[in-house]
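Please read the structure below before turning to the comments.
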Amino acid sequence: MAKKRKSRRESDEGLIPIPAPAANVVVYRNPGPDECDIAEHAKRVVELNSLWGKGGGMGYLTLVESDFDRLWDGVDRGDAFGTAFSVLPFLGPKFEQFVGRIDDFMFGWIGGEDPQYGKVLLLQIVPRRHLVAMLN
């Protein structure tokens, strides 16, 4: 008699689902998109580059060239936390709440080249599994 294989759905029962981002932040190098276009463009950046999905809060900002270049270099060196914590206060209290919470959230940067605006960074803040389990 053939052994019955468990379907993926049966075997994954009881597992915590992979969480969606709590927040997405798109950072542009000056000049970046115009004020009337930036929200829509930032959404497209998330849709095209997101590894974790499109959910969560959305923030975006444009930094002067020297600040953006320092941020880019920090991300390139692998400093996910310091770079994230330097950007979040600019976006207000809804984003500032993530600063210093490395035990509760994962911080991931995705850098890319936009044909119109040049270098663009996407920060995704994703809740760790224990936080998702507490909320469910």
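The values are calculated or read from the model by the stated rules, or taken from the named source; none is laboratory data. Here the structure is a predicted model, which means the values were calculated and not measured. Counting neighbours? That spans all protein chains shown, and the Cβs are built from the backbone with ideal geometry, glycine included.
Here is a yes/no grid of residues against (1) buried (at least 20 other Cβ atoms within 10 Å of the Cβ); (2) modelled with pLDDT of 95 or more; (3) touching a helix residue (DSSP H, G or I) at 6+ places or on another chain (Cβ under 8 Å); (4) not in a strand (DSSP E or B):
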| residue | (1), (2), (3), (4) |
| --- | --- |
| GLU10 | no, no, no, yes |
| GLY14 | no, no, no, yes |
| PRO17 | no, no, yes, yes |
| GLU40 | no, yes, no, yes |
| LEU51 | no, no, no, yes |
| GLY55 | no, no, no, yes |
| THR62 | no, yes, yes, no |
| SER66 | no, yes, no, yes |
| ARG70 | no, yes, no, yes |
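The criterion of being crowded, with 19+ Cβ neighbours inside 10 Å and either assigned to a loop (DSSP other than H, G, I, E, B) or hydroxyl-bearing (Ser, Thr, Tyr) (or both) does not hold for PRO31.
Inclusion of VAL45 among residues that are part of a helix (DSSP H, G or I), without any contact (Cβ under 8 Å) to a residue 60 or more places away in the chain and among the β-branched types (Val, Ile, Thr) is not warranted.
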